[in-house]
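Here's the structure we're looking at; comments come further down.
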Amino acid sequence: MQRAASLASPLSFRRLALPAALSRSLSCAQDVLRRTPLYDFHLAHGGRMVAFAGWNLPVQYRDSHVDSHLHTRQHCSLFDVSHMLQTKIFGCDRVKLMESLVVGDIAELKPNQGTLSLFTNDAGGILDDLIVTSTSEGYLYVVSNASCWDKDLTLMQDKIRELQSKGSDVSLEVVDNALLALQGPTAAQVLQAGVAEDLRKLPFMTSAVMEVFGVSGCRVTRCGYTGEDGVEISVPVAGAVHVAMALMQNPEVKLAGLAARDSLRLEAGLCLYGNDIDEHTTPVEGSLSWTLGKRRRVTMDFPGATVIVPQLKGKVERKRVGLICEGAPMRAHSPILCTEGTVIGTVTSGCPSPCLKKNVAMGYVPYKYSWPGTQLLVEVRRKQQMAIVSKMPFVPTNYYTLK
């Protein structure tokens, strides 16, 4: 998901570029920006604030980008992702609503189980990626991207009005909560000190409402955007700073911003909406076929199904792939070439990997060049260099699952 960017300067492993979406947002820095409930908290802790998706958010703190990245992989970091759109879908027809918009099998979700899904259009393009949780409280809890806030909200509200006009029982509420992401191998250990529930019983992509460090009504979901174990905590605004401060009392926890979030998600092979997937990309082209529910593939009753489902059995013209190279870092919009020197594709995201000490990237190439191990060329600063198609994730993920 888009939860982060390149500033023009030479970069190395000591100083990495910000993600591309972020650099686009910097041009809008003079616009009126929204602030999360933790804005003053970020300033007090040395946060370097930048414009992102209409919000004023920390790109990093006093620690370097690389130090924050590695700390997350080795310990845990706290990210403010309160800019994300959080909604609740109520009513007997809430699943009917959601399945009219997304590719996933929402009906099969167990109580408090969630799934990553995709809003699609009639042409099969991806309108946004989102997480849908079927809660035991009788509503769907939905988290989608800040950059698509207005588009997503309009999409859902228009469909709700359409269904209501036909007698359906469904409604929507925007959740005015902060959203904190605690990510890293010690995240659960840190959070356990502030909750009564046994977090060992909360596996990846499950969720529960609980009191967190004395703040009631928090929804804790075992998920994240880093490839590590971790949680996202939806916190009532009045208690957001208190929960953040309580987490920071543990020496395992450090603050991290958009820059580390972007390099972490790229190492984990996770897409950034607007860069790696968009309205002109189908789930199959984006290597996201796994998001298509098995039942939905048969019923073909989601937007764009007549385009997407046949692609599962045939060959698509292009595919999202991982790339690894040494030398200068690959960046968004860098041309990808075959070994004969013909341009065949484009990099959509790229950065030096702090963990691998190599450059990693995603991009789109014709299907016949999409197999791991295929040798290609990338053009960086008008120079061509070798790149190898690689399986993703680049760094193994560490999601917590019950065994």
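The values are calculated or read from the model by the stated rules, or taken from the named source; none is laboratory data. Not measured: the values here are computed from a predicted model. Reconstructed Cβ throughout: ideal geometry from the backbone, glycine too, with neighbour counts over all protein chains shown. Only protein heavy atoms, including side chains, enter the accessible area calculation; ligands, DNA and RNA are left aside. Shrake-Rupley method; radii C 1.70, N 1.55, O 1.52, S 1.80 Å.
Which FRET efficiency value, to the nearest 0.05, is calculated for ASP122 and ALA44 with the Förster distance at 60 angstrom and r the Cβ-Cβ distance?
Numbers: r = 48 Å, r/R0 = 0.80.
With a Förster radius of 60 Å, E is 0.80.
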For the stretch 85-174, what is the charge dipole size about the Cα centre, in debye to the nearest 20, if Lys and Arg each add +1 at the Cβ and Asp and Glu each add -1 at the Cβ?
140 debye
Kirkwood radius from Cα pairs of the stretch 85-174 plugged into Stokes-Einstein at 10 °C, 1.306 mPa s, gives D in µm²/s equal to 123 µm²/s
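If packing is taken as the average number of other Cβ atoms within 10 Å across a peptide's residues, how do 162-175, 243-256, 311-324, 96-109 rank, most packed first?
Details: 162-175: 13.8, 243-256: 19.2, 311-324: 16.5, 96-109: 20.8.
Highest-to-lowest ranking by the protection proxy: 96-109, 243-256, 311-324, 162-175.
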Before rounding to the nearest 500, sum -39500 (n - 2.57) across all DSSP H runs of length at least 4 in the chain and divide by the residue total; then give [θ] at 222 nm in deg cm²/dmol.
-6000 deg cm²/dmol
Dipole-positive endmost among GLY373, PRO393, CYS355 within the stretch 328-403 (Cβ charges, Cα centre)
CYS355
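Students often get this wrong, so check it: of LYS110/LYS201; LYS315/LYS383; LYS319/LYS357, which have C-alpha atoms separated by over 23 Å? Write out the running numbers ahead of the final one.
On the way: LYS110/LYS201 15 Å; LYS315/LYS383 32 Å; LYS319/LYS357 25 Å.
Violating the 23 Å Cα-Cα cut-off are LYS315/LYS383; LYS319/LYS357.
Mind giving me the FRET efficiency for THR306 and GLU173? R0 is 35 Å, r the Cβ-Cβ distance, nearest 0.05 is fine. Write down the numbers at each step before the final one.
Values: r = 33 Å, r/R0 = 0.94.
Once the sixth-power term is evaluated, E becomes 0.60.
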Using 0.36 nm per residue, how much length does the chain from LYS391 to THR346 gain when fully extended, once their Cα-Cα distance is taken away?
14.5 nm
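Taking K and R as +1 and D and E as -1, what net charge do the other residues with C-beta under 15 Å from the C-beta of LEU356 add up to? Present the calculation step by step, with values, prior to reporting the outcome.
Values: positive: ARG73, ARG265, LYS357, LYS358, LYS391; negative: GLU267, GLU326.
That works out to +3.
Based on DSSP, what percent of beta bridges with both residues in the stretch 170-260 are antiparallel, to the nearest 5?
Working: 15 of 15 bridges.
Rounded to the nearest five, the antiparallel share is 100 percent.
Take each of the peptides 260-272, 371-383, average the number of other beta-carbon atoms within 10 Å over its residues, and list them starting from the highest.
Details: 260-272: 26.2, 371-383: 14.8.
In decreasing order of mean packing, 260-272, 371-383 become 260-272, 371-383.
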For LYS383 and GLU108, extending 7 Å from Cα along the Cα-Cβ vector and measuring point to point gives, in nm, a value of 5.0 nm
Rounded percent of accessible protein surface that carbon and sulfur make up, the chain, 1.4 Å probe
52 percent
Estimated FRET transfer efficiency when R0 is 30 angstrom, pair TRP371-LYS294 (beta carbons, to 0.05)
0.75
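In debye, nearest 20, what is the charge dipole magnitude of the chain about its Cα centre with +1 on Lys and Arg Cβ and -1 on Asp and Glu Cβ, if you could check? Mind showing how you got there, number by number?
Details: 42 positive and 38 negative charges, 231 e Å.
That gives the chain a dipole magnitude of about 1120 debye.
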Under 15 Å from the Cα of LYS313, which aspartates and glutamates turn up, not counting those fewer than eight places away in the same chain?
GLU285
If you average 1/r across every pair of different Cα atoms in the stretch 277-403 and take the reciprocal, what Kirkwood value do you get, in Å?
15.8 Å
If you work out Rg/Rh (Cα atoms, Kirkwood Rh) from the coordinates, which of [x] 1.23; [y] 0.96; [z] 0.99 do you get?
[y]
Inter-site label distance for LEU402 and GLU317 at 7 Å from Cα along Cβ, in nm:
4.6 nm
